[in-house]
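The values are calculated or read from the model by the stated rules, or taken from the named source; none is laboratory data. Note that the coordinates shown come from a computational prediction; the quantities given were computed from them, not determined experimentally. Here the Cβ is made from the backbone with ideal geometry for all residues, glycine too, and neighbour counts use every protein chain on show.
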Amino acid sequence: MNSLRGYIDYTLDKRATLKALFKGRADACDADPYLLLAAKFHGVKVERPCPVCKKTLVELRYTFGDQLGQYSGRIKSVDELTQMEKEFGEFRVYVVEICRDCSWNHLSASFILGDGTERKSPRRQRTLEDEDWLKR
């Protein structure tokens, strides 16, 4: 990813959350059921273990940006991000780590990708949701 900029690492926030969790002042193992499902089907395993239960940890990469149009908020792989950075001027990527065993989840990083050229968002395309809505 050549155009990576605006990188924010949330490790210090993660440490504070873990400290509060282990002292009993926070409940950080509260992943949304949809996040757990996304982790099951789209998560990429990482080498580091879960900081809470020491089991397998996976990462998801969510993309957001005005230029993405209706596709903002989708999960993308590293290969897709590499392609997208050539097609869009600017969008933000949020990397979330999730443990499917204990429901730990935390934002681990965010950064901006894109070639810097401002573009209009793509035209909205009809989806299956639109078709379903028309039938009601």
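Would you check which residues across segment 88-136 are assigned to a helix (DSSP H, G or I) and modelled with pLDDT of 95 or more and list them?
Hits for segment 88-136: nothing passes.
Do we find that residue 36 is surrounded by 13 or more Cβ atoms within 10 Å (Cβ to Cβ), farther than 23 Å from residue 125 by Cβ and modelled with pLDDT under 95 in this structure?
For residue 36, the condition - surrounded by 13 or more Cβ atoms within 10 Å (Cβ to Cβ), farther than 23 Å from residue 125 by Cβ and modelled with pLDDT under 95 - is not met.
Can you confirm whether residue 47 is in a strand (DSSP E or B), closer than 23 Å to residue 12 by Cα and at pLDDT 95 or above? Full working, then the answer.
Details: in a strand (DSSP E or B): no; closer than 23 Å to residue 12 by Cα: yes; at pLDDT 95 or above: yes.
Judged against the criteria, residue 47 is not a match.
Please go through segment 23-42 and give me each residue that is within 14 Å of residue 107 (Cα to Cα), small (Gly, Ala, Ser) and not in a helix (DSSP H, G or I), ordered by number.
If the condition is that a residue be within 14 Å of residue 107 (Cα to Cα), small (Gly, Ala, Ser) and not in a helix (DSSP H, G or I), then 28, 31 are the ones that fit.
Is it true that residue 70 is farther than 13 Å from residue 103 by Cβ, without any contact (Cβ under 8 Å) to a residue 24 or more places away in the chain and surrounded by fewer than 17 Cβ atoms within 10 Å (Cβ to Cβ)?
Against the criterion (farther than 13 Å from residue 103 by Cβ, without any contact (Cβ under 8 Å) to a residue 24 or more places away in the chain and surrounded by fewer than 17 Cβ atoms within 10 Å (Cβ to Cβ)), residue 70 does not qualify.
Can you tell me how many residues in segment 79-91 are without any contact (Cβ under 8 Å) to a residue 40 or more places away in the chain and either of a type outside the set (A, V, I, L, M) or surrounded by fewer than 13 Cβ atoms within 10 Å (Cβ to Cβ) (or both)?
Looking only at that region, the number is 9.
Conditions: (1) within 13 Å of residue 97 (Cβ to Cβ); (2) modelled with pLDDT of 95 or more. Residue 8 meets all but one. Number of the miss?
(1)
Any residue at all in segment 42-49 that is under 12 Å from the mean Cα position of the chain (by Cα) and either surrounded by 18 or more Cβ atoms within 10 Å (Cβ to Cβ) or polar (S, T, N, Q) (or both)?
Checking segment 42-49: at least one residue is under 12 Å from the mean Cα position of the chain (by Cα) and either surrounded by 18 or more Cβ atoms within 10 Å (Cβ to Cβ) or polar (S, T, N, Q) (or both).
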